[in-house]
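The values are calculated or read from the model by the stated rules, or taken from the named source; none is laboratory data. Computed from a predicted structure; not experimentally measured. Cβ coordinates were reconstructed from backbone atoms using ideal geometry, including for glycine residues, and neighbour counts include every protein chain displayed.
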Amino acid sequence: MDLAVLLALYLGLLLAAAALLGGCPGSAARVLSLVIPTRLQRVTQKVLHRLFHTRSRLFAVLHVALQAAVYAEYTWEVFVYCWELEFHLLLLLLPYLLLAGNIGCFVLCSRADPGIITKSNHASLVKIYAYDGALFQKGILCPTCNMEKPARSKHCSFCNICVHRFDHHCVWVNNCIGAFNARYFFFYLSTLTVTAATIASITVAFLIQVVLLSDMMHGSYIDDQGQEQAVDILFLIQHLFLTFPRIVFMLGFVILLTLLLGAYCCFNLYLALTNQTSNEWHKSRRSGCSHHLTLQPYDRQVVHKNIYSKGVWMNLKEIFKPPTVLEKEKKT
Ligand SMILES: [Zn+2]
Ligand SMILES: [Zn+2]
């Protein structure tokens, strides 16, 4: 084997092991720490901490680069071939329209205030949600911000702020997702999913058209043993990959993206309809939807119940129009 490949493999293994060290401080990490040089461990841990535990533009830049690569391929090859095959112009322009919408949502989501809790707005934000006594309890202080944590809020270690109705910190938009930018995140995720699905559909339609026009399905080929074989789906995929390598590669990527984003979109829709944040969903699952509160009399088990859900439509409305303290006071 080539020395450079061996070196790359060795380095890859070291980095993977060092990555494990950062994530699992158990016995595996102790064993690996004996093999990996201390200096490399320190450097890798520093890099991993910088990437995954601090606010960084790296993922936002990667996001733009991947989007640019997909659109470059779509523009230079798929669009031109489809245009020649007389696809409808509006259909071919649809991905650009979706891109404009997606960039708009991306900018709004990454620049908007997610609901930063400050000394001046704390008094009003603390009144918006009641403490459920299970996931959120009254009187807990954020040691960094030195303020009582309002119900449904969380301190983001990336941004070093407490966020009202904290959902999660999104590395791709480099911002927290909270009460005030959840709607932009929802649109951002939806437009990204629809964009990937649209590009995938147009590309699949183009490849099907190529196969139909060439009448390849009724042909045959000679296999490695010299036998004549009828063209099957596997042969077709191989043939298309050899003829349009970049297009098929891009198609594989956007199909994978559509599936992953589609699943994540469904999960987010479920959370919105049931009025839960990702943070609450994780917390309730981690504790098995029940909590032993030692302060409770007779050490009784308090079952977590989502007290914030007000029905499907009201829950959905809350994402697009977060409640304010004035509205809450009007109702009471
Ligand atoms: Zn805080
Ligand atoms: Zn954050």
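General remarks:
- Residue, nearest to the chain's Cα centre (by Cα), within the stretch 219-264, restricted to residues that are in a helix (DSSP H, G or I) and β-branched (Val, Ile, Thr): THR258
- The stretch 173-214, residues that are hydrophobic (A, V, I, L, M, F, W, C) and in contact with a Ser or Thr (Cβ under 7 Å, 6 or more places away or on another chain): VAL173, ALA196, ALA197, ALA200
- Of residues in the stretch 151-181 being among the hydrophobic types (A, V, I, L, M, F, W, C), surrounded by fewer than 24 Cβ atoms within 10 Å (Cβ to Cβ) and outside any loop (DSSP other than H, G, I, E, B), the one nearest to ligand 2 (Cβ to nearest atom): CYS156
- Those residues of the stretch 121-132 which are part of a loop (DSSP other than H, G, I, E, B), touching a residue at least 24 places away in the same chain (Cβ under 8 Å) and either more than 15 Å from ligand 1 (Cβ to nearest atom) or in contact with a Gly (Cβ under 6 Å, 6 or more places away or on another chain) (or both), in sequence order: LYS127, ILE128, TYR129, ALA130, ASP132
- Residue within the stretch 130-147 that is of a type in the set (Phe, Trp, Tyr) and either in contact with a helix residue (DSSP H, G or I) (Cβ under 7 Å, 6 or more places away or on another chain) or crowded, with 17+ Cβ neighbours inside 10 Å (or both) present: yes
- From the list LEU213, LEU260, the lone residue that is exposed (fewer than 15 other Cβ atoms within 10 Å of the Cβ), farther than 28 Å from TRP83 by Cβ and of a type outside the set (Gly, Ala, Ser) is LEU260.
- Contact map, the stretch 133-160: first residue over 20 Å from PRO114 (Cα atoms), second residue more than 9 Å from ligand 1 (Cβ to nearest atom) and part of a loop (DSSP other than H, G, I, E, B), Cβ cut-off under 6 Å, separation 6 or more or different chains; pairs are ALA134/HIS304; GLN137/TYR131; LYS138/TYR131.
- Residue under evaluation VAL64, criteria (1) more than 16 Å from ligand 1 (Cβ to nearest atom); (2) outside any loop (DSSP other than H, G, I, E, B); (3) assigned by TED's automatic domain parsing to the domain that holds SER309, criterion not met: (3)
- Identity of the residue in the stretch 143-152, more than 25 Å from TYR184 (Cβ to Cβ) and of a type outside the set (D, E, K, R), that ends up nearest to ligand 1 (Cβ to nearest atom): THR144
- ASN175 meets each of the listed conditions (1) more than 30 Å from LEU98 (Cβ to Cβ); (2) touching a residue at least 24 places away in the same chain (Cβ under 8 Å) apart from (1).
- Only listed residue being more than 16 Å from ALA60 (Cβ to Cβ), assigned to a helix (DSSP H, G or I) and over 27 Å from the mean Cα position of the chain (by Cα), chosen from LEU94, LEU90: LEU90
- Among the residues of the stretch 202-214, not a single one is free of Cβ contacts under 8 Å to residues at least 60 places away in the same chain and touching a Phe, Trp or Tyr at 6+ places or on another chain (Cβ under 6 Å).
- Conditions (1) more than 16 Å from ligand 1 (Cβ to nearest atom); (2) in contact with a helix residue (DSSP H, G or I) (Cβ under 8 Å, 6 or more places away or on another chain): number failed by GLY104: (2)
- Residue in the stretch 57-66 that is farther than 30 Å from VAL204 by Cβ and modelled with pLDDT of 80 or more present: yes
- Within the stretch 178-211, being within 16 Å of ligand 1 (Cβ to nearest atom) and among the aliphatic types (A, V, I, L, M) holds for one residue alone: ALA179.
- THR118 passes every criterion in (1) of a type in the set (S, T, N, Q); (2) part of a loop (DSSP other than H, G, I, E, B); (3) more than 11 Å from ligand 1 (Cβ to nearest atom) apart from (3).
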